[in-house]
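Since the structure comes first, as structure tokens, the remarks are kept for the end.
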Amino acid sequence: MTVKQKRFVEEYLIDFNGAAAARRAGYSESTARQTAYGLLQENEEVKAAIQKALDEQAMSKGEAMRRLTDIAQTRLNDYFIVRQVKQVTKVEKPLAEVIATLETKVVFEDKYAAAAELSENEQKAHESAQTQRRREIIRLQLELQENPDATRMVDGPTEIVEEVVLDLPKLVKDKRNGLIKTFKYNEFGPVVEGYPVDAALDKILHIHGAYKTKIDLSTLSDEQADALLDKAIAKLN
């Protein structure tokens with residue numbers, strides 16, 4: 001590279017403004033934009049020098065591409081965990097069976113209290129609970145007299161069911177890594193919003209020259225060429 005080209009690389013890495021870097025490097029003011037475009041798009045030595053500096057100071061093209069891939073593959077389903085849990089089912093029983101079960105419970109609790117030699121406070125608690133059970137039996141018996149076909153929903157067998165929960169550690173980690181923009185709770189539950197990091201990474205890829213748009217300046221007027229160059233440089237700033 002020439003002395004001016006080396007200076008251009010140094011200046012360009014300051015603010016990524018091609019035209020300004022060309023002027024500061026000593027190139028002609030009137031052709032600074034065209035010079036910058038040529039150096040950035042066509043001069044392999046200049047591009048390699050910029051690439052090397054970026055690799056030493058910032059994110060490499062490979063890393064940027066990996067992060068773009070991570071963002072593209074991030075799905076809401078990634079933050080749900082399906083697990084198996086125990087759940088008590090509900091079954092419908094005739095009210096007469098419910099009363100019989102409760103009467104059996106009263107008899108058993110009295111036998112237990114007599115055998116366990118309860119303390120004074122424990123005995124009071126036992127008697128209070130038994131009083132509530134006996135009153136419930138009376139209420140259910142009256143209801144059964146009014147409606148012989150009455151039923152009740154009571155606890156049934158325990159079953160294994162699937163439950164879906166949020167993977168909170170993964171959400172927090174991905175939010176920290178820039179894959180998630182928002183994670184919060186409102187009155188309806190959790191709110192998760194993806195963060196558009198791809199725009200910033202797109203800028204990095206342009207700076208690295210990972211992809212570019214080829215432009216034939218010979219087919220454009222000076223005004224059109226200047227406008228396209230401004231647009232290309234703006235993507236680097």
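The values are calculated or read from the model by the stated rules, or taken from the named source; none is laboratory data. The model shown is predicted, which means the values in this text are computed figures rather than measured ones. All Cβ positions, glycine included, derive from the backbone under ideal geometry; neighbour counts span all protein chains shown.
Go through the stretch 76-123 and give me each residue that's small (Gly, Ala, Ser) and not in a helix (DSSP H, G or I). Before you say what the answer is, go through the steps one by one.
So in the stretch 76-123, the residues small (Gly, Ala, Ser) come out as 96, 100, 113-116, 119.
Selection gives SER119 alone.
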Exactly one of THR158, THR151, THR182 is closer than 14 Å to LEU76 by Cα, β-branched (Val, Ile, Thr) and in contact with a strand residue (DSSP E or B) (Cβ under 9 Å, 6 or more places away or on another chain), and that residue is THR182
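Within the bounds of the stretch 64-72, is there any residue that is in contact with a strand residue (DSSP E or B) (Cβ under 9 Å, 6 or more places away or on another chain), modelled with pLDDT under 95 and not assigned by the TED database to the domain that holds VAL172?
So the first thing to find is which residues in the stretch 64-72 are in contact with a strand residue (DSSP E or B) (Cβ under 9 Å, 6 or more places away or on another chain), and the list is 71.
Cutting the leftovers down to modelled with pLDDT under 95 gives us 71.
After this cut, where a residue has to be not assigned by the TED database to the domain that holds VAL172 as well, the list is 71.
The answer is yes; a qualifying residue exists.
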Cβ pairs under 6 Å, 6+ apart or interchain, first in the stretch 86-101 and outside the structural domain of MET153 (by the TED database), second part of a helix (DSSP H, G or I), ordered by first then second residue, are none
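Counting only residues that are at pLDDT 60 or above, assigned by the TED database to the domain that holds LYS86 and among the basic types (Lys, Arg), give me the strands (runs of 3 or more DSSP E) lying completely in the stretch 129-237 with at least 1 of them. Let's see the steps before the verdict.
Values: elements: 151-166, 180-186, 189-194.
Those strands (runs of 3 or more DSSP E) span 151-166.
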